[in-house]
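I have placed the structure first, in the form of structure tokens, so that the comments after it can refer back to it.
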2 protein chains.
Amino acid sequence: MTAPLCDTSLAITYNDIIAARAAIKGCAVETPLLESQDLNRRTGGRIFLKAECLQIAGSFKFRGAYNRIANLSEDAVKRGVVGWSSGNHAQGLAAAAQMRGSPAKIVMPSDAPGVKIENTKALGGDVVLYNRQTESREEIGRALATELGATLVPSYDDPFIIAGQGTTGAEICDVAASRGAALDAVLVCCGGGGLTAGISVAVAALSPRTAVHTVEPAHYDDTARSLVAGERRANASDAPPSLCDALLAPTPGSLTFPILKKNVRSGLVVSEDEVGEAIRYAFTKLNLVLEPGGAVALAAVLSGKIDTTGKNIAVVLSGGNIDPALFASIIHPKTEEIR
Amino acid sequence: MTAPLCDTSLAITYNDIIAARAAIKGCAVETPLLESQDLNRRTGGRIFLKAECLQIAGSFKFRGAYNRIANLSEDAVKRGVVGWSSGNHAQGLAAAAQMRGSPAKIVMPSDAPGVKIENTKALGGDVVLYNRQTESREEIGRALATELGATLVPSYDDPFIIAGQGTTGAEICDVAASRGAALDAVLVCCGGGGLTAGISVAVAALSPRTAVHTVEPAHYDDTARSLVAGERRANASDAPPSLCDALLAPTPGSLTFPILKKNVRSGLVVSEDEVGEAIRYAFTKLNLVLEPGGAVALAAVLSGKIDTTGKNIAVVLSGGNIDPALFASIIHPKTEEIR
């Protein structure tokens, strides 16, 4: 990173987030921090919703991907980027690469949500599908990168990615402070931990008394258990399927976990039903489209996983890329697909 | 109005919008002016989306209702307000009344979208249902107001309402200017004309070279035809049904039409299919929930009703209160309700 690493034991410092903010300025959307009368009444607190579902390519992932590409040499930009992702990083990377004029190869599982595959292609990404049961995306991605001389852009375990996602936290802190609210907590969905790690570094610098919590779907609570254990733990290989396709990383990252361990208060866990309820709430009361993985932090608040009474709590709505059929079945369970 | 009326031939002047902005500050949401890479690429222009679907109670109507109540005497606030509406004014008025501690009676047709009736009740509105075929909402409303000593709050033909809705236009002009964009046009959905009238007064003051256009659904193009005729024309009484329940006012208002006549360039008209396409686009690419009446201006842009090439165009996304069953059937036409 160009900024000095004050604490060399961690992948990034707040200076890296300052640099990332400058890099993405005018390219990423400074997404609104929404408030809802209904939600405040229902929770007895003041809830600040960071609407990253309104980000370019529909999730926060654009921030990190753009920051990574902005820090490549001109020559490396021309040679292109390679990434693997079940969907949101794919779209964010494709959008960032398109904006910077860099060719992007994206390795995606053949069972990823159709809308994510289509959107990645629409954003100029050259999509390479693989079979999640029989092939390794890492092997395919590394082979492609070597063949093309392209740069691998990981979805979370990379300092530029973590710093880029961390800009979300800096914006939350700045806007909450401008509204006179001292944040008691920030709730962040967690897959590999890039978003939470970045946000936690921003929060530690800008609002050190604010607690950061991860939120994960049941059976994919590797981060919550790793935080308790003090070392990285993995999800069970036979975990039942989850709607939260964006949050199924098997374990926290090697760069993200030391940051989470230092900065995160605890990990919260929500059920699939609670996620569905949050998606319906966002549809009915907020007029926002959330995908399951993007709704877990809201689900934690709505289902009482954290005390909200009299508290100022920021909730990251991290993404909204969801297949129409699934969304229709969640908001209106009486519908059924015609076969 | 407290502000001087410079042109006494019209119901409001820009000074009334300045006063309304001060009245709603900190109570209404300053909704974001969103931009979408995809939409800009598709239209060849720069499109600014004013997301009033993120307003309190899910549509711009809160602005006018709040401004009306903020200008009542303390005594009148206590006696309460009465309004009639198919839904969005109902919810906006209920929310504003609840915030100011004023009892609200809302007269709604029994065939209004269920979600709008439920939300009005959830916001503390005392809903009185009537039969649209056999009863007069005006008679019911006036009788209630007389009985209770309450203030009638019309949905568009009122200077405070028009000025309140006009704050939307002032925010659009300010934010577009702060981004260095000279607006070529503003597209606004039109029912009775309160929103367009208010916006047009703000635009005439802040960005006089910007053209204002109304957008209406086919068969309910009373405003477009009135603008051509130079006098108020009505919709046919046997017009086929429309999904755009928010835009079915029979004719432009007596206070709004003189303003529209002076300030509006022309009226655009979109089909029901084009409205559905816009709702799907907002769902897929913007992660926003729009109701049919809230999507007509976006529909006009997507279907090429106005030249967008190289142009800066603001589009008002006026509301997002839609029944889940209808939304599901629009975003995923292969779903069908189980009977």
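Taking the centroid of alpha carbons for each part, segment B:207-279 and segment A:145-183 are 45 Å apart.
Across peptide A:326-334, the average count of Cβ atoms from other chains found within 10 Å of a residue's Cβ is 6.
Rolling a 1.4 Å probe across all protein chains gives A:Lys78 an accessible area of roughly 140 Å². In order along segment A:239-250, the phi-based Karplus estimate (6.51 cos²θ - 1.76 cosθ + 1.60, θ = phi - 60°) of 3J(HN,Hα) comes to 4, x, x, 10, 5, 7, 4, 7, 10, 9, 3, x Hz; Gly and Pro are listed as x.
Across the protein assembly as shown, counting alpha-carbon atoms alone, Rg and Dmax equal 25.3, 81 Å. Solvent-accessible surface, computed for protein heavy atoms with a probe of 1.4 Å, shrinks by 30 Å² or more for the following residues of segment B:94-110 when the other protein chains are added to the isolated chain: B:Gln98. Remark: segment A:31-73 carries a charge dipole of roughly 120 debye about the Cα centre, counting +1 on each Lys and Arg Cβ and -1 on each Asp and Glu Cβ. Distances between placed amide hydrogens fall under 5 Å for A:Val127 paired with A:Ile106, all partners being 5 or more residues away or on another chain. Residues whose amide H falls under 5 Å from that of B:Val29, counting only those 5 or more places apart or on a different chain, are B:Ile56, with hydrogens built in the peptide plane.
For segment A:24-116, compute Rg over Rh where Rg is the Cα radius of gyration and Rh is the Kirkwood radius from the inverse mean 1/r over Cα pairs.
Checking Rg against Rh, the ratio lands at 1.12.
Against the empirical 2.2 N^0.38 Å (N residues), chain A has a Cα radius of gyration ratio of 0.93. Take the accessible area of chain B alone and of chain A alone, subtract that of the pair, and you get about 3000 Å² summed over both chains, using a 1.4 Å probe.
Working from label points 7 Å from Cα in the Cα-to-Cβ sense, the A:Thr309 to A:Arg42 distance is 1.9 nm. The residues of segment B:258-292 listed by number as losing at least 10 Å² of accessible area in the complex, against the isolated chain and with a 1.4 Å probe, are B:Phe283, B:Thr284, B:Lys285, B:Leu286, B:Asn287, B:Leu288, B:Val289. If you average the sequence gap of Cα pairs under 8 Å that are 6 or more apart and divide by the length of chain B, what percent do you get for the contact order? In percent, rounded to a whole number, it is 20. Protein heavy-atom accessible surface, 1.4 Å probe, per residue over segment B:8-98: 31 Å².
Given the options B:Val201, B:Leu248, B:Gly230, identify the residue whose Cα lies farthest towards the positive end of the charge dipole of segment B:190-258 (+1 on Cβ of Lys, Arg; -1 on Cβ of Asp, Glu). The residue sitting most towards the positive pole is B:Val201. Using C-alpha pairs under 8 Å with a sequence gap of at least 6, the mean separation divided by the residue count of segment B:1-129 gives a relative contact order of 17 percent.
Annotation: amide H-H contacts under 5 Å for B:Ser86 (H modelled 1.01 Å from N, sequence separation of 5 or more, or interchain): none. Remark: relative contact order (segment A:209-268) = 51 percent; criterion is Cα-Cα distance under 8 angstrom and separation of 6 or more residues.
Taking the 1.4 Å solvent-accessible surface of the protein assembly as shown as the whole, the part contributed by carbon and sulfur is 50%. When chain A is treated as a GNM with alpha-carbon contacts under 10 Å, the residue of A:Ser36, A:Ser237, A:Ser271 showing the greatest mean-square fluctuation is A:Ser237. The charge dipole of segment B:34-188, taken about its Cα centre with unit charges on the Cβ atoms of Lys, Arg (+1), Asp and Glu (-1) only, comes to about 260 debye. Packing around the peptides B:252-259, B:180-187, B:323-330, taken as the average count of other Cβ atoms within 10 Å per residue, puts them in this order, highest first: B:252-259, B:323-330, B:180-187. Accessible surface for segment B:109-257, divided over its residues, is 39 Å² per residue with a 1.4 Å probe.
Magnitude of the charge dipole for segment B:206-339, about its Cα centre and with charges confined to Cβ atoms of Lys, Arg (+1) and Asp, Glu (-1), is about 660 debye. Taking the label point 7 Å along Cα→Cβ, A:Lys262 and its counterparts in the other copies are spaced 6.3 nm apart, in ascending order.
The values are calculated or read from the model by the stated rules, or taken from the named source; none is laboratory data. Being a predicted model, the structure only gives us computed values, none of them experimental. Please note: Cβ atoms are built from the backbone with ideal geometry, for glycine as well, and neighbour counts cover all protein chains shown. Areas reflect the complete protein model, heavy atoms only, side chains present, ligands, DNA and RNA absent. Shrake-Rupley method; radii C 1.70, N 1.55, O 1.52, S 1.80 Å.
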